[in-house]
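The values are calculated or read from the model by the stated rules, or taken from the named source; none is laboratory data. Nothing here was measured: the structure is a model prediction, and the numbers come from that model. We place every Cβ from the backbone using ideal geometry, glycine too, and count neighbours over all the protein chains shown.
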Amino acid sequence: MKWAYNINNRVKISLLLMVVFTSVFIKNLLEEENVSDLAGSFTTIYKDRLLPESYIFHLSEILYKKRIFIDQCNNQQEFLTGSADNVNYNHQIDSIILDFKGTLLTEDEAIYLRALQDDINLIYGLENELTEEQVSADDFAAVKVNSDQLISQAADKLNKLSEIQLSVGKELNDHSQKIVAGNSILTRFETALLIILALVINALIFGLVSSRSKIKQRAHLN
């Protein structure tokens, strides 16, 4: 009996085809999981890294405006006259920090964000003193100095938070590159399996054709 019709060979071929199709199926499942993971990485980069970086930028900008405003006030009355703008700055800060807290925070981010909130609350406390009670010129000067120091401390926290965005963003980028590289390997693996499958089919067809040709030749000789 010719090899194409041999039961053992046909079983081997069937098993080989089953292995190939199973491997391709598993590969597609892995590729789908990798695509989902890659999409998640891009979402995280935007939502939890790019947006926080924009929050940090706006907070830095607002704190700078607060510093300029307080520095330009020579006394309590001038501070009270421009307090409407300062209150608006505070509302913006509170809104941004609330949005910041809604992102996925790392452990270090949570620590620095709490410290930033503490500095800002102290700044608000100093400003409340100027709006709720009469202060002397010396006390007002002291408030200005303390406020400036606290704004500097808050700016340092923002710099630390910005560094974290860069660090975590790089980790996410490296992770995405690994996923892309993994998909490339899976694609090459699938290509190799398809080549093997094509060779098996070609061998099967060639065996069938050869077997039939030999049968015809023998029938002709008889």
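Do you know which of the residues in region 72-110 that are aliphatic (A, V, I, L, M) and not in a helix (DSSP H, G or I) is modelled with the lowest pLDDT?
The first filter runs over region 72-110 and keeps only residues aliphatic (A, V, I, L, M), leaving 80, 84, 87, 93, 96-98, 104-105, 110.
Applying the additional criterion that residues be not in a helix (DSSP H, G or I) yields 104-105.
On the way: 104: 82, 105: 85.
If we take residues in region 72-110 being aliphatic (A, V, I, L, M) and not in a helix (DSSP H, G or I), then 104 is modelled with the lowest pLDDT.
Do you know which of the residues in region 144-186 that are in contact with a helix residue (DSSP H, G or I) (Cβ under 8 Å, 6 or more places away or on another chain) and β-branched (Val, Ile, Thr) is modelled with the highest pLDDT? Before you say what the answer is, go through the steps one by one.
Of all residues in region 144-186, those in contact with a helix residue (DSSP H, G or I) (Cβ under 8 Å, 6 or more places away or on another chain) come to 144, 146-148, 150-151, 153-155, 157-158, 160-162, 164-165, 168-169, 172-173, 175-176, 179-180, 182-183, 186.
Those left that are additionally β-branched (Val, Ile, Thr): 151, 164, 168, 179-180.
Numbers: 151: 94, 164: 86, 168: 73, 179: 61, 180: 60.
Among those residues, the one meeting the criterion is 151.
Within region 123-142, how many residues turn out to be loosely packed, with under 14 Cβ neighbours inside 10 Å and of a type in the set (A, V, I, L, M, F, W, C)?
The number of residues fulfilling the criteria is 3.
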